[in-house]
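A short worksheet on the structure shown next.
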Amino acid sequence: MTRFLATRAGIWTGFAAAALVLFGAAPLLLSGFRLGLFAQFLCYAIVAVGIGLAWGRGGMLTLGQGVFFGMGAYLMAMHMKMADAEFRNGPGSVPDFMELAGIRELPAYWAPFSSPAFTIAAILIVPTAFAVLLGFAVFKRRVKGAYFAILSQALAGAFAILLIGQQSMGGFNGLSRFRYFFGYNLDDPVNQQMLYFIAAGVLLVVVAVALQLRRSRYGELLVAVRDAEERVRFLGYDAANIKVVAYATAALFASVAGAIFVPVVGIISPASIGIVPSIMFILGVAIGGRASLVGPVVGALAVAAAQTALSEQFPSAWTYAQGLLFIVVIALLPGGIASIAAATKRFRKEPATAEATA
Amino acid sequence: MLRLRNLTCGYGRTPVVHDVSLDIGADEVVAVMGHNGAGKTTLLRAVVGLIPVMSGTIELARPDGTYETINRRPANRRVKAGMAYVPQGQQCFAHLTAGENLRLVADGRRHGKTLIDTQLDRFPALRGLLNRQAGLLSGGQRQQLAIARALITEPRLLILDEPTEGIQPNVVAEIESTIVDLARDGGLSVLLVEQHLGFALQAAARFSVLRSGRVASTGATGDGAVERVREAMAI
Amino acid sequence: GEETAAAESCVDTSGDTIKVGALNSLSGTMAISETTVRDAIYLAVDEINAAGGVLDKKIEIVAEDGASEPTVFAEKAEKLIREDCVASVFGGWTSASRKAMLPVFEDNDSLLYYPVQYEGLEASENIFYTGATTNQQIIPALDYLAETGVKSLYLVGSDYVFPRTANAIINAYAEAHGIEILGEDYVTLGSTEFSTIVNQVKSAGADAVFNTLNGDSNVAFFREYANVGLTAEEMPVMSVSIAEEEVGGIGVENIEGQLAAWNYYQTVDSPANTTFVEAFKAEYGADRVTSDPMEAAYNSVYLWAATVEKAGSFAVADVQAAADGVSFDSPEGTVVIDGENHHVTKTARIGEIHADGLLYTVWESEGPIDPDPFLDGYDWAADLQVSN
Amino acid sequence: MSTTALTCKNIEVDFDGFKAVNGVDLTLDRGEVHFLIGPNGAGKTTLVDAITGLARYTGSVTKDTAGKGAVELRGKKVHHIARAGIGRTFQTATVFENLTVAQNLDIAAGAGRSPWTLLRRRAHLPANVTAVIEQIGLHEHADTPAGILAHGQKQWLEIGMLLVGDADVLLLDEPIAGMGADERETTGRLLHDIAATRAVAVVEHDMDFMRAFASRVTVLHAGTVLAAGTVDDVSNDPRVQEVYLGTTHTESDMEPADAATA
Amino acid sequence: MDLLVGQVFTGLSTGSILLLAALGLSLTFGQMGVINMAHGEFIMAGCYTAYVTQQLVGDAGASLLIALPVGFLVGGAMGLILEAVLIRHLYHRPLDTLLVTFGVGLVLQQVARDVFGAPAVNVTVPEALRGGVDLLGTTVPKTRLFILALAVVAVTAVTLVLRFTPAGRRIRAVVGNRDLAETAGISSRAVDAGTFFIGSGLAGVAGVALTLIGSTSPTTGQSYLVDAFLVVVAGGMGRIKGAVVAAVALGTFQAVFETYSTASLAKVGVFIVIVVFLQLRPQGLFTLRTRSLA
Ligand SMILES: Nc1ncnc2c1ncn2[C@@H]1O[C@H](COP(=O)(O)OP(=O)(O)OP(=O)(O)O)[C@@H](O)[C@H]1O
Ligand SMILES: Nc1ncnc2c1ncn2[C@@H]1O[C@H](COP(=O)(O)OP(=O)(O)OP(=O)(O)O)[C@@H](O)[C@H]1O
Ligand SMILES: NC(N)=O
Ligand SMILES: [Mg+2]
Ligand SMILES: [Mg+2]
C-alpha cells in the first residue's frame, strides 16, 4: 500500500482520490455551515503541510507559525476592509473600525491595499521575505533545536502583542465584518462554497509542492541538514540557506492559509495568531505524523474536528479531553497517526516471523 | 568472576549477539575480538546493563566466590558490585571539568582523594588538565580520563571497549602493563575488547572471537594464537 | 443584510420547548468572568420556566464554549443559529467577541443579547445591548469626579478597545470641563508588572486615577498602588471593570475605599434585587456574589421573554418590531428597551468598596439614563461621533 | 606530480591564553600521504580544526590550485573552505544515517548545484558518484541506508563523500580508529589510490599503519613541530621516542602487532 | 531622579521575578533539555498553595513562611509525578515534551478552575510586607524587596548545590551523558527525578512568592512562562549565572523602555533585543562549549 503510493501512478491515484473527496463528497454531504467549518479546517491543514516540511523534514520546530498565518490573514483583511469602505463611502474613505477608534485619516500604509493585485502580491511576498530575513538572522548563527523553538514562540507572542497595540490594525478586536471578497458577496451561499473550493484547491497544490520538494534533491539535502547540520557545512553547503528555504516555504503556506481563512471565517484577531494558536498548529502536525506528507494534513483536520466535536458535546469539560488527547497521542504515538499503519503492519507480520524463528 | 550463559541481546527486537557463553575467572584477562559490527560492543553493553538481555544469563561472582544472576540489575548497581566500564569512543562528561569527572566517581568512597592521586600518577598528562572542561580535551586525553575514571572505582571486573583507541603509543604500553600488573597482583579480572591483536594477545590469557554475533573460536593466547584468531575472523 | 439571500430561519416553534443559545467562555482567560454570566442566564431561564415559560413553551438552553477566542465565538454562534436553530443567543463579554459575532447574527438574521458594559459607537438590528453604553457609565463617573473637585486625572488601562475608547471620551470630556490629563498608560491584557506605571502615577500627583484595567491586572495594580503608599483618600481610583467578583481576588484590604462606576451592585436596595440575590445564592451558594454583568445577563433573558410575549412570536422580525418600550422591573430598577438603538435605559451608580468586599452606592443618577451609544447628545464629543 | 596543495605558515591557536598550536608550518603536497602524529593533546586535531575553519587562528593557510594560484583560507566560512577543495573527516564517522549510500554521495557531489537542479528529482546518479562507489567498495550497498552500514564502511563512505565533492586536500582524523586489521589494510590502499592526484593528511596513533603507508611524517608536540621527515627519520629521532613512541618499547616488542597487521 | 532610581530598582525587581520564575526552568529546561510547558501551572500551583495555607493558618505572616517550603513540596511533587509518568519516556524526544506538557498544562488549568473556581482568589499580604521603604527618595514596595531577597537566596542555593556538591556533579553528569553516568554508578533515574523535583519545586516557591504582587487564578503562571524561557535561552542553557544576568538585563530593559514607550512595545523590544543579541552570542551569554559536532 505505502509502496504503491510512492509510485508515480500511486501519487496520481492519491491526488485523484483526495480531489474526489474534497470536491465531490464533502460539498454533497455537508451542510453549508459544516462546509464552512471544513474550509476553516482546510486552512489549518495548509499551515500544517508547511510545518511538516520545516519541522518533520527540516527539524525546525516552528512554534510561531501564527505570525505568518496572521500576516497573510491581516493583509487579506486589510484589502477586504478597504473594499468595504470604498463600496460604502467611495475611494479613500476610512474603514468602519477606524472611525470607531477615532482615526479619521486613512493611514498611508493602508492605501495600496485597495488594489487586489497588490494585496495578493503582499500576501505572497511579505511573510516569505520576513521569514527569509529572520531565518538568515537565526540560522546563520546556528540557533537551533529548543533555542529556535523558544525563540519562534516568543516571536508569536511579541507579534500578537504588537498587533493588539495597533489601533489602526483593529487592536485587540482585530478586523471583522467583511462583505465582499474580490467583489463577491460573502453572504451568498454560492460564494461561500466557492471559498471552500479555493481552500480545497490550494491544499492540493500545497501538498503537491511539498511532495515535489520532498522527492527532489533538495528534499534529501534537507534531511541531511536535519540529521547532521555541521557535516553538511563540511561538504561545502551553506546549511542556513537550505533551512531558510524550508522555513520560508512554510511561512508562505501559512500566509496563504491565513489569507483564505479571513473570508471563510469572517474575522482575524490577535487571539488567532499568538502563542496558543501557534502551538495548536504544531499539535495537529505532531498528532498526524510530522515526517510524513499527508500526516500533518490528517492531523490538523483531526485535531480541529475533535476540538469542535468535543466542545460541542461537553462545553464545560472539554479541555480535559483535549489535554488528555494531546498527552496520550503524542506520548504513545511518536510517529503520529501516520505511524499507526506501519505499526499494525509490523504487528500483523510479527507472529509469522516469530514462528519462523522459533 | 563473570559467567555468560547462552546470552542473546540486541537492539529493539533484533538480536545482534546470539547465544554467547563466556567465562572470566578471578584475576584473569580475557580478550574478545571480531570484525567491525561483530557485536563486541553490544555484548559489553548487555554485560554492564545498558541494554536488556533477551535470553540467557549474566552471572557475577560475589566476594565469597558464589555466582548470582544479574540480568535485571540496573547498570548503576552493577558498578557497586564491582564492575567498571570504559566504553568505546573516548566518552566523558563533557560539561564537567576533568577533575570533576574523577571526583564524580570518587564521591562517597573512602580515601577518594588517594584513589584519584593514584590514577593521576598513572596518567601524569591529566594532572595539568584537571580544571579544563572535559569536552575540550583532545581525544586521547579523554580516553586516558575515561580509564582513570574506571580505575578509581576499584573494580573487581574491568570491562574495556577498545581502550587504546586514539592513545599515543607510549601510553598504550603503560595501559597494557597496568592491566597485566593489576590482574597479576590479584583482585582484578578484565574483559577486553580490542582490535589490536598485538595488544590484546599480549595482555590477555584467553581470547574469544565473535563472528556475526556468535562465538567463532576460543582459546588460550600464546603460540599460534594470532593465526587462530585471524582464521576465526576470516569470513 | 436585508439585501441578500440570508439563510432561511430554521427555528422550530412546533414543540412545547423553544431553544436558546448560551455562548460564554468556559475555558481560557475570560472564563473567570464569563462563567458568572452563564450562571445568571441559567437562573433567569429556570425562573421563567418555573413560571410557565415563554408563549407557553419551556426554554431549553443549548450551551457552547466561546473559549475566549473571537473566532470560536463566531463559529459557535453560527452553529447555534444554523444547526441548533435557536431563537436567540445570550452571551459574549469582550467587544472582540461581540465584533466577531455581529456579522454572523446579521448575515443569518438572528438575535444576540449582549450583557456587558462596552465602549458604545455601535447599534446593530440583530443585537440587544443590555449592559451600559458610555453615557450610562463613564460620563456619569466623570461627572461625579468633577463634582467632587477633581481637577486632574491619570488614565490607566488595558490595551484594547474598551479602555482606549473610554479614554478618548475622557480626554474629550476633560478638555471641555477643564480637567487636566496627566498621563495615559496601557498595559498588555493580563500583565502583572506595574512598578513603572505606579511610579509614574505617583510622581505625576493627579487628583484621581481613572482605571480601565481588565481582569487579573487589577490585582497587581492595586497591590503596587497600596505598597508605594497611595491611598483612596489621597488619590482615589475610579474603576469601571471591577465588580463584586473581582474584589475578592484583589483582596479587599488593597482596594477598600476605592470607587467604581456601574449600574448595579449587590447592595442595591430594591425588592427585585432582594429576590434576585436570594434566588442566586440559593442556586449557587451563599458565598457567591452578584455583579453588574450578571444582572444585565439576567435582565436580558427576561427582556427577550417579555418582547416575545409582546410580539406573540419568536420570529426575529417580530421581536425587533415589538422591542421598543419593552420594560422589565430589574434588580437595578426598571429598564426599558430603546427600539431605535437596541440599548436599554440604565441607572448610573458610583459605588465605594467596603471592608465586607461589597460595593455601596455613594451616588446615583436621577432615574434611568437613556442610552446614547453615539454620544449624539454631547457637544464636546463631536469629534468622537461616527455615522453608523 | 608533486605539487604543493596546501601551505600553512606560522599557525597559532590560542584558547584563552593556552596555545594549543604554537607556530606550526606545514605543507601538503599532492601525491603524498602525509602522516601527522604526536602525543595526545599535541594539537593535531586543533590544527585540522584551524585549517577547516572550526578554530580561530593567526598565521596563514593558503590553498594552491593548479592554474588558479594561491587562495588564503583564513577567515573564510566553513562551507567556503570546503568548496575551495578542503575536505575533512571526523573521528566518529558522521554520515547521513537516514539516507542511502548513493544519496549521501550525491549530496556530497552537489555543493555547487543550481537551485533549479536541486528542486528536481535525481534522474540518475552522476558518473563521478558511480565511480567513487566502486572505488570505496560499496557498490553492493548503493541503496542501503547509511545508518546500518558497519563502522568501517561508514568511514569509507565518508572518504567517498570527500572524493565526489572534488576535495583535493583531504584531512583525515584517525580514519582507522576501531577498524580491524583487514579494514586497515584496505583503507591504507584506498588512501594511496586517492593520494595519486591529491594531498592526503592523516592523523593517526597506529604506528604500524603509519609505517606501512606514510610517505612523509610530521610530529607535533605541545603545539609545535618536533620533527619531520620520512618514517625512519622520525622513528629514530630520540625526542620522538621519548615523548611519543616510548623508550620502554623496542622494535621487537612490537613484533606481534606487526605480524598481525602486515 | 526619583523616577530614575525607581526604574533601576524596578529593573532589578522585575528581573528578580523573572529569575524566580526561570530558575526552575534553568534546571529542567537548561540542564535536562525538557521543554516543560506546564512549568507555568506549577507556578500556579504554588500560588494556590499559598492561598490554601492561608485559609488554614489564618495569620498571613506565618502562612507565608509555611507556604514557601510547602509550595516547594507541592510543585516538586507535581514535577515528580509528571517526570515519572510522562517525561521519563520522552528524554530522547525533547521537542515532544513541549507538546505533551502543554496538554498537561491545559488539564491542570482546568483542574484549578474546577477546584478553586474561575475567578481569582486573594492571598493577603502579611502586615510586615505591606507598604514600602524609602530608598534614595523613592518608595520601594517591601513585597518586591522580599522577592528580590528570595531570588538571591534561591539562586545562591542552587548555584552552590550544582557547583560544589556531589549531588550537583551527578546532576550535571547525567545531563551530559545518561548511559555513561549509569555505568559510572550513578542512578540516572534517581537523578532525573531529583532534578525535576527541585526544578518544579522552585516553580512552586516562585508561585508562593508571586502571590505577593500578582493575582492567583488558573491562568496565573502562564503569563510568566514565555519570558522565563527567554531568560534561560538568553542566559545560555544550563547556566545559572547567565540566567541571572539575562533576567536582570531583560527586567531593566523592559522597565526603562516602558518609561519612554508603552508596555506592549517593550515586549516587542525585548524580543528584538534578544534576536540581535543572539547574533553576537548565538548560544546565549555564558555557554559551555564542547568540541563535539552535535
Ligand atoms: N543502537 C543500535 N541500534 C541498532 N543496531 C545497532 C545499534 N548499535 C549497533 N547496532 C548494530 O549492531 C551490530 C553490532 O554492533 P557493535 O557495535 O556491537 O559491533 P562491534 O563489534 O562493537 O563493532 P566495532 O568494532 O565497529 O566497534 C552492528 O550491525 C550495528 O549496526
Ligand atoms: N576549545 C578549547 N579550549 C581549551 N583547550 C582546548 C580546546 N580545544 C582543545 N584544547 C586543548 O588543546 C590541546 C590540543 O588538543 P588536540 O585535540 O588538538 O590534540 P590532538 O593532538 O588531536 O590529541 P589526540 O591525539 O589526543 O587527539 C589539548 O590539550 C586540548 O585539551
Ligand atoms: N465590553 C468590554 N468590557 O469589553
Ligand atoms: Mg564496538
Ligand atoms: Mg585529536
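Karplus-based coupling profile of the range E:211-218, in residue order and whole Hz: 5, 5, 10, x, 8, 10, 8, x, with θ = phi - 60° in 6.51 cos²θ - 1.76 cosθ + 1.60 and x standing for Gly or Pro. For the range E:212-246 versus the range E:57-81, the spacing of their alpha-carbon centroids is 20 Å. The contact between chain E and chain A removes approximately 3600 Å² from the accessible area (both sides summed; 1.4 Å probe; ligands, DNA and RNA excluded). Counting, for every residue in E:251-259, the Cβ atoms of other protein chains within 10 Å of its Cβ and taking the mean gives 2.
Of all DSSP-defined beta bridges confined to the protein assembly as shown, some 50% are antiparallel rather than parallel.
Which helices, taking whole DSSP H runs in chain E, have alpha carbons extending 24 angstrom or more along the helix axis plus mean Kyte-Doolittle at least 0.5? Span-like helices in chain E: E:2-25, E:60-85, E:94-116, E:142-164, E:188-210, E:240-260, E:263-280.
Surface composition of chain B: carbon and sulfur atoms hold 48% of the protein heavy-atom accessible area at a 1.4 Å probe.
Pop out the carbon and sulfur fraction of the accessible area of chain E as a percent, whole number, probe 1.4 Å. Here it works out to 71 percent. Once you sort the root eigenvalues of the Cα gyration tensor of chain D as a ≥ b ≥ c, which label holds: rounded (a/c under 1.5), prolate (a/b larger than b/c) or oblate (the other case)? Judged from the Cα gyration tensor, chain D comes out oblate (a/c at least 1.5, b/c at or above a/b). Straight-line cross-link partners of C:Lys281 among the lysines, defined as a Cα under 21 Å from its Cα and at least 8 positions apart when in the same chain, are absent. Amide H contacts of C:Thr212: C:Val156, C:Gly157, C:Ser158, each under 5 Å away and 5 or more positions distant or on a separate chain (H built 1.01 Å from N in the peptide plane; Pro and chain starts excluded).
Taking the centroid of alpha carbons for each part, the range C:51-128 and the range C:242-300 are 24 Å apart.
The trypsin sites (Lys or Arg not before Pro) of the range D:3-92 meeting both criteria, a DSSP state outside H, G, I, E and B (loop) and at most 14 other C-beta atoms within 10 angstrom of the site's C-beta, are D:Arg56, D:Lys68, D:Lys77.
Database note for the protein assembly as shown: Cys without another Cys beta carbon under 4.7 angstrom, A:Cys43, B:Cys9, B:Cys92, D:Cys8, E:Cys47. Residue by residue along E:182-194, Cβ atoms of other protein chains within 10 Å of the local Cβ number 6 on average.
Beta-bridge orientation, chain D: approximately 60 percent antiparallel, per DSSP, counting only bridges with both partners inside.
Sorted from longest to shortest, the spans of the Cα atoms of the range C:301-357 along the three principal axes equal 48, 20, 15 Å. Interface area, chains C and E: about 2700 Å² of buried accessible surface, summed, with a 1.4 Å probe and ligands, DNA and RNA left out. Across q = 0.07, 0.08, 0.10 Å⁻¹, chain E modelled as identical point scatterers on its alpha-carbon atoms has Debye log10 I(q)/I(0) values of -0.26, -0.34, -0.53, in the order of the q list.
In straight-distance terms, cross-link reach from C:Lys202 covers every one of the lysines whose alpha-carbon lies under 22 Å from its own, apart from those fewer than eight places away in the same chain; here that gives C:Lys151, E:Lys142.
Surface composition of chain A: carbon and sulfur make up 71 percent of the accessible area, probe 1.4 Å. Leaving out same-chain residues fewer than 8 places away, which aspartates and glutamates sit with a Cα under 12 Å from that of B:Lys80? Within reach: B:Glu154, E:Glu182. With the charge dipole of the protein assembly as shown set up from +1 on Lys and Arg Cβ and -1 on Asp and Glu Cβ about the Cα centre, the Cα lying farthest toward the positive end among the listed residues E:Leu145, E:Val244, C:Ser97 is that of E:Val244. Averaged over the residues of E:117-129, the number of partner chain Cβ atoms lying within 10 Å of the residue Cβ comes to 6. With loop membership from DSSP and a limit of 15 other Cβ atoms within 10 Å, the longest segment of chain B without trypsin sites (Lys or Arg not before Pro) is B:111-235. When chains A and D come together, the accessible area they lose, probed at 1.4 Å and totalled over both chains, is close to 2500 Å². Highest mean packing first, where packing is the average number of other Cβ atoms within 10 Å per residue, the peptides A:99-109, A:205-215 line up as A:205-215, A:99-109. According to the Kirkwood relation over distinct C-alpha pairs, the hydrodynamic radius of the protein assembly as shown is 36.0 Å. For the pair E:Tyr91 and A:Asn89, label points projected 7 Å from Cα toward Cβ lie 6.4 nm apart.
Average projection, convex hull of the Cα set of the range C:1-160: 11.8 square nanometres. Rolled with a 1.4 Å probe across the full set of protein chains, the surface gives D:Asp168 an accessible area near 30 Å².
Considering only A:Ala228, A:Gln212, A:Asn185, and ranking their Cα positions along the charge dipole of the range A:31-271 that arises from unit charges at the beta-carbon of Lys, Arg, Asp and Glu, the one farthest toward the positive end is A:Ala228. Close amide-amide hydrogen proximity is noted between C:Leu182 and C:Leu153, C:Tyr154, C:Leu155, each under 5 Å apart and 5 or more residues distant or on a separate chain (H modeled in the peptide plane; Pro and chain starts excluded). When +1 charges are put on Lys and Arg Cβ atoms and -1 charges on Asp and Glu Cβ atoms, the dipole computed for chain E relative to its Cα centre reaches about 900 debye. Averaged per residue, the protein assembly as shown has 35 square angstrom of accessible surface, using a 1.4 angstrom probe with ligands and nucleic acids left out.
Tell me, rounded to the nearest percent, the portion of alpha carbon pairs in the range C:165-226 spaced more than 17 Å apart. Cα-Cα pairs in the range C:165-226 separated by more than 17 Å: 42 percent. The alpha carbon centroids of the range C:358-388 and the range E:120-136 are separated by 38 Å.
For the range D:93-166, the Cα gyration tensor yields ellipsoid semi-axes of 20, 12, 11 Å (square root of five times each eigenvalue, largest first, whole Å). Counting only alpha carbon atoms, the long axis of helix B:169-184 and the longest principal axis of chain B meet at about 70°. Placing dummy labels 7 Å off each Cα toward the beta-carbon, the span from E:Gln55 to D:Glu12 is 7.0 nm.
Take the range A:31-271, drop everything but the C-alpha atoms, weight them equally and run the Debye formula without solvent; then report log10 I(q)/I(0) at 0.15 Å⁻¹ to two decimals. Debye output, listed in q order: -1.01. Taking R0 as 30 Å, what's the FRET efficiency between A:Ala17 and E:Arg189 from their Cβ-Cβ distance, rounded to 0.05? The calculated FRET efficiency here is 0.05.
Charge tally around D:Asn104: other residues with Cβ under 12 Å, Lys/Arg +1 each, Asp/Glu -1 each, net -4. Close amide-amide hydrogen proximity is noted between B:Met54 and B:Thr8, B:Cys9, B:Gly10, each under 5 Å apart and 5 or more residues distant or on a separate chain (H modeled in the peptide plane; Pro and chain starts excluded).
Here the range D:93-166 is treated with +1 on each Lys and Arg Cβ and -1 on each Asp and Glu Cβ, and its dipole about the Cα centre works out to around 300 debye. Placing unit charges on the Cβ atoms only, positive for Lys and Arg and negative for Asp and Glu, gives chain D a dipole magnitude near 1540 debye about its Cα centre.
Once you've got the Cα coordinates, tell me which of A:Lys81/C:Lys76; A:Lys140/D:Lys19; D:Lys44/E:Lys241 are over 25 Å apart. Pairs exceeding the cut-off: A:Lys140/D:Lys19; D:Lys44/E:Lys241.
The values are calculated or read from the model by the stated rules, or taken from the named source; none is laboratory data. Keep in mind the model is a prediction, meaning the values are calculated, not measured. Don't worry about glycine lacking a Cβ; one is built from the backbone with ideal geometry, like all the others, and counts go over all protein chains shown. Surface areas here come from the heavy atoms of the whole protein model, side chains and all, with no ligands, DNA or RNA. Shrake-Rupley method; radii C 1.70, N 1.55, O 1.52, S 1.80 Å.
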